[in-house]
């Protein structure tokens, strides 16, 4: 009977280790999603900056006597 208990405890320990590994992987994926979202927001902000600068450049070019 003692062997069964040892085997059971070992199995429980192994499962806990696997569970922790899965938790870490899920956490990493969540962090990756947050990073992607931040990068997308940065790109969107840069696109607005480019549009703004394009409008300003267009206005500037219209004021030049060419």
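Any read-out appearing in this document is the output of simple, stated calculations on the displayed coordinates, not a laboratory observation. If you're wondering where the values come from, they're calculated on a predicted model, not measured in any experiment. Methodologically, a virtual Cβ is constructed for each residue, glycine included, from the backbone with ideal geometry; neighbour enumeration extends over all protein chains shown.
What number, rounded to the nearest 500 deg cm²/dmol, is the helix-based mean residue ellipticity at 222 nm of the chain, given -39500 (n - 2.57) per DSSP H run of at least four residues and division by all its residues?
Details: 1 runs with 62 residues, N = 66.
Rounded to the nearest 500, the figure is -35500 deg cm²/dmol.
In nm, what is the difference between 0.36 nm times the number of residues separating residue 61 and residue 44 and their Cα-Cα distance?
Numbers: separation 17, 0.36 × 17 = 6.12 nm, distance 2.56 nm.
Computed gain between residue 61 and residue 44 is 3.6 nm.
Placing dummy labels 7 Å off each Cα toward the beta-carbon, the span from residue 51 to residue 25 is 4.1 nm. The C-alpha atoms of the chain define a longest principal axis, and helix 2-63 lies at about 0 degrees to it. Each eigenvalue of the Cα gyration tensor of the chain, multiplied by 5 and square-rooted, gives one semi-axis; in descending order these are 64, 5, 4 Å.
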